[in-house]
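Participant: Have a look at the structure that comes next, please.
Taken together, the values in this text are just the output of simple stated rules run on the coordinates, not laboratory data. All values reported here derive from a predicted model rather than from experimental measurement.
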Amino acid sequence: MPAGTHEFEYTLGKQFFTDMESSDIRDANVAVKLVVDHKGDTYALSFKFDGEVTLLCDRCLDDLILPIDTDYHILVKYGDDYRDDNDDILEIPESDAYLNIAYMMYDTVSLAIPIKHVHPMGKCNRAMSALLRKHRTAAANDEDAALQEELIDEMDSMDAQDTETGSTDPRWDKLKDLKENN
């Protein structure tokens, strides 16, 4: 690549994310503008991502369209070996004649997606939300009752062990002395 500034444009669609083996992104339309500033042995890469991806909502399992608007900047330079231990600088061997930026683009879009994929409040599928609420309430009641029983049984067994052995932790004895003195 000759020295100077070069601009490239890409569109990341469903096939791109399928090829990258992304199971979360069901569809996409993300425009990528890449500006490469080549000076000597260094290449300053500036990516600008703008578009949207379609994911499954974690709450209602309907499609969730999420906007993507992010930037990524990295400096690429030649060196003895491949090194990516610095977030801002990528070193590639001088024998490499090209750089595959597909993984940079994929990682940048993936990191722009929040961990929780949920619609804004009130926008989820109402039928699924009602069903989830119904099962969550029933499960919570059953789990709470079972947990309470388990804790009571555990506390009873601890009390029985303490009375059988008659020994306590000396640290607790010191705390009890402080309580009695007050």
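Participant: Distance check, please: which entries in Lys14/Lys134; Lys48/Lys123; Lys33/Lys116; Lys48/Lys134 exceed 32 angstrom between their Cα atoms?
Facilitator: Over 32 Å Cα-Cα: Lys14/Lys134; Lys48/Lys134.
Participant: What is the Cα centroid distance between the stretch 2-49 and the stretch 95-110, reported in whole angstrom?
Facilitator: When both Cα centres are located, 8 Å separates them.
Participant: Considering amide H positions built from the backbone, and no H for Pro or chain starts, which residues 5 or more places from His117, or on another chain, come under 5 Å of its amide H?
Facilitator: Asp58
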